[in-house]
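S.K.: Mind looking over this structure? Questions follow.
The values are calculated or read from the model by the stated rules, or taken from the named source; none is laboratory data. Since the structure is predicted, the reported quantities are computational estimates derived from the model, not experimental observations. Neighbour counts are summed over all protein chains in view; Cβ atoms, including those assigned to glycine, are modelled from backbone coordinates with ideal geometry.
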There are 2 protein chains.
Amino acid sequence: MEHPENSDEYKGLAVNSGVVSPGSINPYFQSRRKSRPTLSVQDYVDGIVKGNVTVLSQAVTLVESLKPEHQAIAQEVIEKCLPYTGNSVRIGISGVPGAGKSTSIDAFGLHVLKDGGKLAVLAIDPSSERTKGSILGDKTRMERLAVHPKAFIRPSPAAGSLGGVARKTRETIVLCEAAGFDKIFVETVGVGQSETAVHSMVDFFLLIQLAGTGDELQGIKRGIMEMADGIIINKADGDNITKAEQAASSFRNALHLFPPSESGWTPQVLTYSGFYEIGIKEVWDMVWSYMDFVKKNGYFQYRRNEQAKYWMYETINESLKNGFYHDPEISALLKNYEQEVLAGQQTSFTAARRLLELYRKN
Amino acid sequence: MEHPENSDEYKGLAVNSGVVSPGSINPYFQSRRKSRPTLSVQDYVDGIVKGNVTVLSQAVTLVESLKPEHQAIAQEVIEKCLPYTGNSVRIGISGVPGAGKSTSIDAFGLHVLKDGGKLAVLAIDPSSERTKGSILGDKTRMERLAVHPKAFIRPSPAAGSLGGVARKTRETIVLCEAAGFDKIFVETVGVGQSETAVHSMVDFFLLIQLAGTGDELQGIKRGIMEMADGIIINKADGDNITKAEQAASSFRNALHLFPPSESGWTPQVLTYSGFYEIGIKEVWDMVWSYMDFVKKNGYFQYRRNEQAKYWMYETINESLKNGFYHDPEISALLKNYEQEVLAGQQTSFTAARRLLELYRKN
């Protein structure tokens, strides 16, 4: 795997500035030349803790690397960064393509940066290889954030298993927090399983919707609405205001029928316009009042702890499964066993038992 | 583990009748004396395929047994029964305690048996050890089914892990189908994870609800409503009819906002009264029209195949996890590692990696 930010072009960038130079584009997309990391673990940690965004960006690339030697450095860097982390609010932002996520994030980012602090915008999109163009596009659509001195935008790690991609994003959160980013947005595309992963690493899950024709949720996977701490209907401007309000009212009715959320918080439904910047403040007043609410009732820390445990157990379970399903003998037999189960020649349980016996014998 | 149905009292029962003697109570609950299975695998299979309910009941007890020698026989019996299975409709019935499940199942059972065939009523309740009384009570509350010559009622397997209990119920379905039961109800309590397990073994998932005060779903776990193919509001009788209709209309609005189900079926909401037997036919007309719909569009077989695969992979995954978490060295260290993760001394991922390295070294 290449590490283009270590290339000569990359090194030509202003490494010592605390922030990305205005107008600079993530060099990850600019160069493909092979090179090696030249910084030591301590260099990375020092750079990150000082808020050097170029060093941060290099460290994130190590996190994303599949090379074992890069992973080894990355893990050490992350571990040494841990004492500097946790001081942020993490917000998941989801919505189907076309809902206006990038424009909204641009407006939201500008809004939350008005009060100071620094914002990192990350993404989880396991399909990113196929849609690389659009993700780069996303970034250029966040026109003002892309050049904001206090913002750091990082596209989704390259495609891979959802677990792998999510893990990298979660580790990137650690690095960003150590670099002093106190607001983290994690964007996801709203049509797949990524939402569960994002939900497992953020404090607040914001779902962007559009007013539709009564089938607002057609594009949204089952279960996503139940994760939302806030649903916001975009494009509530001009002729569209009434429709947006009607959609909001439908969502409110639907949410009313859901069981109460674990946090004790009642999900809110608001309308806004990302493009015309109407209602942005109200959206963020909601998010901040949620943060107050869950910090007071203890749920904020409780959920962070649960998430930390979740990722430990999830990583273990994934690794156990990978060991089994990538075993050459097992993977050669698996489809046959599955066929026999489907043909009623053996039960699901017998097939499982026989495969496990084989695996354990090896 | 005891096998009371092999005791002398049990053997005194009419073993040759194709059905349970009217008025007989499941002997599982009557005797605690120790004894051994005396039938051969072929005896079990022959008895089951002939529809001998006493043999069926003995075989189910083997399925539920934790003894390896019983499990070995059980698995052979199940495998030999496989060619006779699959010819049933399987309906999951869920609802919170107090929703009137037993009374409803009694009425539903009588209704579906009017057209002939045989009905097995099974249950999944991993908490059954604690509530043994109420499950036995449930059975006696199914007054008419309990003495119906074409009905077989079997309480939940004894408490254990959800996976274990669910697996036993799924294996019991195989045996019941081989014994000619063409309608299978699988009951669950509506407050936990059991619904996912039931959903993974039935063709139709029926959710019993009560009209409430706008917080109808307070007792229902998140995600359960999205599994329902039909929601039925019980106790729509007398003064309660208007309230029940209002609840139905709320649920319809809520369901309207859900994404479409994979089957293409739109979940229906009906009101009925289990006790006064109002609207029972309509509930079952809905179930049968679902069956027609999914048999025509191919989803019925597709889902059964997916379920067979699900249980194979689920069993493998559970077993891999059990191997890890029950490893003495791992389980001794796990809590410490978890504490270090929570204290920010290592990341979730590092903790996972270290534990896995340890496990694989052993």
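S.K.: Would you pick out the residues in segment A:314-362 that are outside any helix (DSSP H, G or I) and either under 30 Å from A:Ser200 (Cβ atoms) or among the basic types (Lys, Arg) (or both)?
M.R.: A:His326, A:Asp327
S.K.: Can you tell me which of (1) in contact (Cβ under 8 Å) with a residue 12 or more places away in the chain; (2) within 14 Å of chain A (Cβ to nearest Cβ); (3) more than 20 Å from the chain's Cα centre (by Cα) is the one B:Pro83 doesn't meet?
M.R.: Among (1) in contact (Cβ under 8 Å) with a residue 12 or more places away in the chain; (2) within 14 Å of chain A (Cβ to nearest Cβ); (3) more than 20 Å from the chain's Cα centre (by Cα), the lone unmet condition for B:Pro83 is (1).
S.K.: For A:Arg36, which of the numbered conditions (1) part of a loop (DSSP other than H, G, I, E, B); (2) at pLDDT below 50; (3) of a type in the set (D, E, K, R) fails to hold?
M.R.: Status for A:Arg36: all satisfied but (2).
S.K.: Name the residues in segment A:168-199 that are under 24 Å from A:Lys296 (Cα atoms) and at pLDDT below 90, would you?
M.R.: Within segment A:168-199, A:Val198, A:His199 qualify.
S.K.: Then there's this: Go through segment A:38-54 residue by residue and tally those that are without any contact (Cβ under 8 Å) to a residue 60 or more places away in the chain and within 18 Å of A:Ala146 (Cα to Cα).
M.R.: Qualifying residue count for the region: 1.
S.K.: Could you tell me whether any residue of segment A:87-96 is more than 14 Å from chain B (Cβ to nearest Cβ) and over 14 Å from the mean Cα position of the chain (by Cα)?
M.R.: No: segment A:87-96 contains no residue that is more than 14 Å from chain B (Cβ to nearest Cβ) and over 14 Å from the mean Cα position of the chain (by Cα).
S.K.: Could you say which residue among B:Val283, B:Val294 is closer than 24 Å to B:Thr242 by Cα, touching a Ser or Thr at 6+ places or on another chain (Cβ under 9 Å) and modelled with pLDDT of 95 or more?
M.R.: B:Val283
S.K.: Do you know which residues across segment B:335-358 are surrounded by fewer than 19 Cβ atoms within 10 Å (Cβ to Cβ) and at the interface with chain A (Cβ under 9 Å from one of its Cβ atoms)?
M.R.: Hits for segment B:335-358 are B:Glu338, B:Leu342, B:Gly344, B:Gln345, B:Arg353, B:Leu356.
S.K.: Restricting attention to segment A:270-283, which residues are under 13 Å from A:Asp229 (Cβ atoms) and under 22 Å from the mean Cα position of the chain (by Cα)?
M.R.: Within segment A:270-283, A:Val283 is the sole residue that qualifies.
S.K.: For segment A:163-176, enumerate the residues that are closer than 12 Å to B:Thr347 by Cβ and over 10 Å from the mean Cα position of the chain (by Cα).
M.R.: Hits for segment A:163-176 are A:Glu171, A:Val174, A:Leu175.
S.K.: Could you please find all residues in segment A:226-250 being surrounded by fewer than 23 Cβ atoms within 10 Å (Cβ to Cβ), within 13 Å of another protein chain (Cβ to nearest Cβ) and hydrophobic (A, V, I, L, M, F, W, C)?
M.R.: A:Met227, A:Ala248
S.K.: For segment B:297-308, check the following and say yes or no: at least one residue is within 30 Å of A:Ser319 (Cβ to Cβ) and hydrophobic (A, V, I, L, M, F, W, C).
M.R.: Within segment B:297-308, one or more residues are within 30 Å of A:Ser319 (Cβ to Cβ) and hydrophobic (A, V, I, L, M, F, W, C).
S.K.: Tally time: how many residues in segment A:302-332 are more than 12 Å from chain B (Cβ to nearest Cβ) and of a type in the set (A, V, I, L, M)?
M.R.: Total meeting the criteria: 1.
S.K.: What's the number of the condition A:Gln218 fails, among (1) of a type in the set (S, T, N, Q); (2) surrounded by 18 or more Cβ atoms within 10 Å (Cβ to Cβ); (3) at pLDDT below 90?
M.R.: Looking at each condition in turn, A:Gln218 falls short on (2).
S.K.: Of all residues being within 14 Å of chain B (Cβ to nearest Cβ) and within 15 Å of A:Leu206 (Cα to Cα) in segment A:266-301, which is surrounded by the fewest Cβ atoms within 10 Å (Cβ to Cβ)? Just the residue, please.
M.R.: Among those residues, the one meeting the criterion is A:Thr266.
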